[in-house]
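Values in this text are rule-based calculations from the coordinates and carry no lab data. If you're wondering where the values come from, they're calculated on a predicted model, not measured in any experiment. FYI the Cβ positions are ideal-geometry reconstructions off the backbone, even for glycines, and counts take in every protein chain you see.
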Amino acid sequence: MKRDILGLVLAGGDSRRFGEDKAVFSFHEGISQLDYALAVLSKFCLHLGVSLRKGQQNRRATPHEVTYIADPEGMSGPIAGVIAGLRQNPGQPTLALACDMPLVDAALVLKLLSQRNAGSQATCFDAANGRPEPLCALYEPSALPDLERAYREGRQSLRRFLEEGSVERLKCEPPDLLASANTAEDLATIKKRLSQ
């Protein structure tokens, strides 16, 4: 069942370490990573969005019906994407997913949504290092004022926000499902995992 949630793919990074655009890279045969992430989110979310950095010319073409959401004026980074997503659908949660997490699947997103704590500011998984993973997380509308305040005060780490806020933290089994592709080594590890 789809929920009144914005499924937001964070695709505003410039992929410097990876060496090419991760949003259009194909980790899964025949489908770009952007389209893969949107397909996963579309199973559960009534609204789909793609977060872009300010001035990003590539509109990230996709067959999915999406809203392209630019970072708010004067803001940048993943926290800006989450803030923009929460502003886009006032009063509704935003499920943020980085476009470089090819092992995240529908089962993992369903677990996140089914164990959501709407009374908290966010629901997230703990990563392999035991710290909260901010780029596969559900942010509640109540988080918006504190996220905006944190940005204004120079505290722009979403992970720190999750560590310090009122957050529901879940176990991810296995934790490598949250792996992101940032380097050639990451890519090799992820490809090996996908082939198993």
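Structure above, values below:
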quantity: Segment SER195-GLU163, length gained on full extension (0.36 nm per residue, minus Cα span); calculated: 8.2 nm
quantity: Zero-based 10 Å bins, Cα pair distances in the chain, whole percents; calculated: 9, 39, 39, 12, 0
quantity: Nearby lysines by direct alpha-carbon distance to LYS43 (threshold 23 angstrom, same-chain neighbours under 8 apart not counted); calculated: LYS2, LYS22, LYS111, LYS171
quantity: Under 5 Å, built H, 5+ apart or other chain: amide partners of LEU48; calculated: GLY7, THR67
quantity: Under the span-like rule (Cα at least 18 Å along the axis, Kyte-Doolittle mean at least 0.5), DSSP H helices of the chain; calculated: none
quantity: Highest-first arrangement of 97-107, 144-154, 112-122, where packing means the average Cβ count within 10 Å; calculated: 97-107, 112-122, 144-154
quantity: Mean residue ellipticity (222 nm) of the chain, computed from DSSP H runs ≥ 4 via -39,500 (n - 2.57), nearest 500; calculated: -8500 deg cm²/dmol
quantity: DSSP beta bridge pairing in region 3-195, given as percent antiparallel to the nearest 5; calculated: 35 percent
quantity: Zone residues, region 174-190, relative to GLU29, backbone N less than 18 Å from point 7 Å out along Cα-to-Cβ; calculated: 190
quantity: Estimated FRET transfer efficiency when R0 is 41 angstrom, pair SER142-ASP186 (beta carbons, to 0.05); calculated: 0.75
quantity: PHE27, PHE161 arranged by Cβ crowding within 10 Å, fewest neighbours leading; calculated: PHE27, PHE161
quantity: Cross-link reach list, aspartates and glutamates versus LYS191, counting only Cα pairs under 14 Å and skipping chain neighbours closer than eight places; calculated: GLU29, ASP100, ASP176
